[in-house]
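First up is the structure itself, then whatever we jot down about it.
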Amino acid sequence: MILSIDMGASGTKWALYDRGGTAVADGRLRPLSGHLSAPKVRREMTAALAELRAALPTPPSAVVAGVTGLQTEYRPWLQRELGRLFSLPAGRLLVTDDLHLAYAAHFAPGAGTLVYAGTGAVAYHRTEREEVVRAGGYGYLIDDLGGAFWQGQVGLRRVLRQREAGQHETLLARHVFGALGTREWGDIRSLIYGEGRAAVARLAPAVYEAARQDDPDALAIQRRAGQELARLAGVVLGRTGRPTLATAGGAFNPLVREAFHAEWAAGTVTVVPSVPPVSGGFTLGLPLLAGEEPRP
């Protein structure tokens with residue numbers, strides 16, 4: 001059995017695969033990330049992994065963990081925790097970043113470019129020599145246009161400006177305030193600044209729902225998101241010369257995906273079907289079962 005764990009800022013997914021690649025169990029955990037410098041965060045990581053171990057129907061023979069924001073200096077710590085909790089030697093454990101996991105779900109090294117839009121946004125290519133070519137992924141304080149944080153932030157900014165201008169409440173405002181559970185600025189401020197980027201990213205589905213009902217501001221946000229994600233893809237395609245793309249991540253809703261595909265309407269690029277990023281753990285885990293050295 002191979003256990004794959006996809007740790008993200010908006011949520012964590014896991015799946016247990018048999019040798020044939022069939023998922024025999026799967027589930028979700030709280031959001032987890034690789035920002036592990038604080039002792040409290042490390043304790044939360046250990047507790048979440050213990051919950052996962054208890055939920056498994058059978059122990060894994062290998063574990064692959066793809067971790068968002070993985071701090072290199074804490075990779076050994078996380079590997080030790082996984083080994084201790086699952087009673088596995090280091091050779092049966094791979095701790096890597098979440099993009100490596102998602103890329104392996106879609107491509108062999110060198111075969112294409114993955115555009116990932118979760119909380120943030122990045123275009124990612126891994127060469128045959130395991131070298132990484134990427135664009136974006138700078139984090140929400142710098143860029144990440146097109147990701148869920150950006151979509152939620154732009155939507156919230158728009159409805160707050162509409163309200164302070166005394167405008168009639170729009171569909172976008174109704175959905176955003178509904179997702180927040182309040183229209184009071186004091187409550188909104190406490191929620192957003194208390195929970196941080198995850199609270200803002202959770203507003204992205206509300207923006208999408210307003211767009212589905214033809215709210216013009218929400219539709220504009222979806223189009224811009226798709227265009228920005230296509231721009232990231234174009235940067236990496238230009239550097240690699242491989243005209244094959246895949247998309248992944250919860251921020252790629254149907255309207256964002258439609259806008260993304262419209263940028264490639266000329267047919268010069270092939271976009272392959274998306275699969276769950278967590279499935280990349282099976283691909284990366286097979287060499288561990290064969291006794292090969294883990295390669296983060």
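Values in this text are rule-based calculations from the coordinates and carry no lab data. None of the values given here were measured: they were computed from a predicted structure. Note that each Cβ is placed from the backbone with ideal geometry, even for glycine, and that neighbours are counted across all protein chains shown.
List of remarks:
- Shape of the range 110-229, Cα gyration tensor, a/c cut at 1.5: prolate
- For the chain, there are no membrane-span-like helices by this rule, meaning no whole DSSP H stretch whose C-alpha atoms cover at least 27 Å of axis and whose Kyte-Doolittle mean is 0.5 or above; this says nothing about an actual membrane.
- For the chain: relative contact order, % (alpha-carbon pairs under 8 angstrom, 6 or more apart): 23 percent
- Descending by average beta-carbon neighbour count within 10 Å, the peptides 283-296, 97-110, 237-250 line up as 97-110, 237-250, 283-296, the highest first.
- Length gained when the stretch residue 54-residue 108 is fully extended (0.36 nm per residue, less Cα-Cα span): 16.2 nm
- Where labels lie 7 Å past Cα in the beta-carbon direction, separation of residue 41 and residue 163 in nm: 3.1 nm
- The range 122-200, relative contact order in percent, only Cα pairs under 8 angstrom and at least six apart counted: 20 percent
- Rounded Å value of the spacing that divides the Cα centres of the range 1-65 and the range 209-240: 31 Å
- The order of the peptides 64-70, 225-231 by mean Cβ neighbours within 10 Å, most packed first, is 64-70, 225-231.
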